[in-house]
Each structure stands twice: as structure tokens, then as C-alpha cells.
1. Say we join alpha carbon atoms closer than 10 Å with springs in a Gaussian network model of the chain; which of Arg349, Arg297, Arg74 then has the biggest fluctuation?
2. Normalise the Debye intensity by I(0) for region 117-220, one equal point scatterer per Cα, no solvent, then take log10 at q = 0.18, 0.19, 0.21 Å⁻¹ and round to two decimals.
3. Would you list, by chain and number, the aspartates and glutamates whose Cα falls below 15 Å from the Cα of Lys343, excluding same-chain residues fewer than 8 positions away?
4. Over all directions, average the projected area of the Cα convex hull of region 258-327 and note it in nm².
5. Have a look at Ile273, Ile293, Ile351 and tell me which one the Gaussian network model of the chain (Cα, springs below 10 Å) gives the largest fluctuation.
6. Where both residues lie in the chain, what percent of DSSP beta bridges are antiparallel, nearest 5?
7. Modelling each spin label as a point 7 Å along the Cα-to-Cβ direction, I'd like the Arg358/Ala177 distance in nm, to one decimal.
8. Note the full-extension length gain between Ala389 and Ser7 as 0.36 nm times their separation in residues minus their Cα-Cα distance, in nm to one decimal.
Amino acid sequence: MKAPADSPAVARWRADTPGCERRIHLNNAGASLVPRPVREAVDAHLDLEDKLGGYEAMEHCAGALREAAEDVSRLLGAARRNIAFTQNSTAAFAQALGVFDFAPGDVILTSRADYASNQIMYLSLARRRGVRVVRAPDLAQGGVDPDAVRGLIRQQQPKLVAVTWVPTNSGLVQDVAAVGEACRSAAVPYLVDACQAVGQIPIDVGAIGCDYLAATSRKFLRGPRGVGFLYASDRVLAAGAHPLLVDMHGADWLDPDRFELTPDARRFELWEISSALVLGVGAAARYALGVGIETARDRARALAAYARVRLAELAGVRVLDRGADLCAIVTIEPAGRPAAEIKLILRARGINTSSPVREDAVIDMDEKHAASALRISPHYYNTAAEIDAAVGTLREVLRR
Ligand SMILES: Cc1ncc(COP(=O)(O)O)c(C=O)c1O
């Protein structure tokens, strides 16, 4: 397979990413290297807090904070009123789950590839509220079967359908738009985990047909750690949906026994959040839109496809990714060696990867008979030469 060539834009993206000079960073599904404008936005605000005080700096930056929210909303094809900032993707997902007054016997319909924390939250609701967790079967090639979802919606009448777009431990991309169509035609609320999708896959919440979409800043979006966001549709906002526990930012306390919800998606936020990080994720959204999400997707996928082919050539390596549509996450099982050990050896040689374990995705990992996996997740600013270097080092390590 021919290695993806480096266009002049690649040199620009790398010049914007000082971390590239120090390491081969192939852990963008963990936390990406941030481009310079993101770092500058965060640093500048911390400087301002130092100068003015935290609350005073926030008020001073009200316009920039609004712009940050607008830029994040553009990334999703949404409006500012539909965006809430949270601490991370899990917190956003939990806020959306908190909307529903689950009663014993209520069904959450989900996929076998849903993220571990989401699966644990469904199981916690099963334990505390008597919810039934139903997982739709997969297509033969992998990924949730939208027709099966349609059938299960008819049969089980779920209170909520929740699907992870891209799971954490493989290159699989689930067809969230087809599932959305099934949800919309049956008017069932639909929650999407877009944590690994945002920044590497173009998102149009209208086309997906979701009511809620949770995501994080630090992965393929290349924003800072410690901030995420939730999209809530106009439909659910107008219906008065709100998380179980709302604070004084999500609502006004009007009388001793009465509160009124904030009209927009900010009812899903908590008052205290880092302005520096919100400005950072806003800068990341602007940067991503400047690169172009289609451009980012095409190059990251081409690098990942190249990595899959090169890794499959190594003796004792099994590529674990399945699915008709594979993204920029590559997972392999290095035979006979725990992936965590290989990850640390590579790290010592300046190459960043990660090593999901069985508990990160028990259904998928058990099905693949894999105890652990080495995850290699390039992004558009990586190069084929970096993939070659990582594969070469891995070959040497596996030979020992
Ligand atoms: C698919 C998926 N969903 C959710 C999360 C959780 O994101 P956060 O740590 O921002 O809560 C992750 C993290 O790896 C993930 O891969």
C-alpha cells in the first residue's frame, strides 16, 4: 500500500503543534497534542485571571466565552442555545441520562459497542431503578444493526436509545444516522456518545436525528483536557427536559418552593467551570473548522489504513478492527505480550500509543478473544514516516 503523502498543509499543522518535535504522538484517541492557538487561549485566560481575578476575568471575557460556545455549536451543525459545557464527555452523557425518570421495567436500548462508562451507568440504573438494558445485535461485519434497532423499538418500546458512535477500543464506526432514523420515526429519545467522533468525523446533529450528543474536548478535537460538552435539541428544550439535579446556573430559584429553568441548554451546565478551558475548546473548534473536518477525516483515516496494512505484516500481530467503515483508531493484539508492556517500551522510545484492556470493552474484547490491545490512533498532523517509525520499532520490540 502506498504511504499517504505529506501536503504543504501537513508542515503547517505540524509547525502549529510543538509537541510533534518531541514525540511521535499516535494517541489522539487518548488525548491529542493541542495546536498552539489552543494553548495560547488557555494560557492567556489564566494570565488574565492572575491579573484581574477569576470572576472578574470571566465577566471581562463574556463575549469570547459566547464565541467559544458558538464555534463549538458550528462544529455540530447546531446553535449556541443547544450547547452546554461540562467537565467531560461522561458528565455530559450522565446529564442527559438524568433527564429520564426511569421506572422499573423501562428499557434502555443500546449497542454492544457502547463505551464502558455508559454501560456501567445503564447497569447502575438497572440496579437502582430496575431498568432493563437491551443491546441490539450487530451486523455480520460489525457495528450495531439499525434494522434490529428498528425491530427492538417496536417490540420493547424503549424509554431511551443510546449509542456510542465510535467505541474507544477499535476503529469501528457505528451508523448513528440510521439508528437516528429509526428513533425519529418512532419518536423515541436518542442519545449519542460522539466522544471519539468529534474532530475526526463531520457532525450534523440534524442529520443524525439525535436529541442529545455528548463529546469531549481533548481527543480528535485537539482541545484541552478537563472540558466536554452536550448538545440538547430544540425539541427536548421546548419540552422542558432537564437533568435530575439542576443548579443555580441551570435554573433561577424564584420563590422558596419554585424554580424556573434556564431557557437554553445551559440548564445542563453547572455554574462552576473553567473559563480557560471553555476558551480552549472554542479555539480547538475554530482550529478544526479551519483545517476542515472532511480533510482531517480523510487524512487520519488514510494514515490509519496504512498503519493497519503495515502492522498486519508483522509476525505475531493480529489486527482487531472490524466494521464496514473504519476510522482513525487502529487496534492490534501483539501475540504473547501484554499491550501495556509494549506501550511503555514504545513510550520510552518517544512513541505514544495506548493499551485498552478487556474491562474497557468486555463484549468486544471477549468476542475477539483479546486480553489487551495496543491502540494506535493517528490524526491529520501525523505522517506516514511516523507510522513507519512506530511499526519499525514495534517489529524490533516483538522480535526480542
Ligand atoms: C467512546 C468514548 N466515550 C466516552 C469516553 C469518556 O470521555 P471522558 O473521559 O471525556 O468522559 C471515552 C473516553 O475514552 C470514549 O472513548
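1. Fluctuation is largest for Arg349.
2. For region 117-220 at q = 0.18, 0.19, 0.21 Å⁻¹, log10 I(q)/I(0) is -0.90, -1.01, -1.21.
3. Excluding near neighbours in sequence, the set is Glu333, Glu396.
4. Over all viewing directions, region 258-327 projects a mean Cα-hull area of 9.2 nm².
5. Fluctuation is largest for Ile273.
6. 55 percent
7. If labels sit at Arg358 and Ala177, their model points lie 3.8 nm apart.
8. Numbers: separation 382, 0.36 × 382 = 137.52 nm, distance 1.92 nm.
Separation in residues times 0.36 nm, less the Cα-Cα distance, equals 135.6 nm.
Read-outs throughout are calculated quantities, based only on the coordinates presented, and are distinct from any laboratory measurement. These figures come from a predicted structure and were not determined experimentally. Methodologically, a virtual Cβ is constructed for each residue, glycine included, from the backbone with ideal geometry; neighbour enumeration extends over all protein chains shown.
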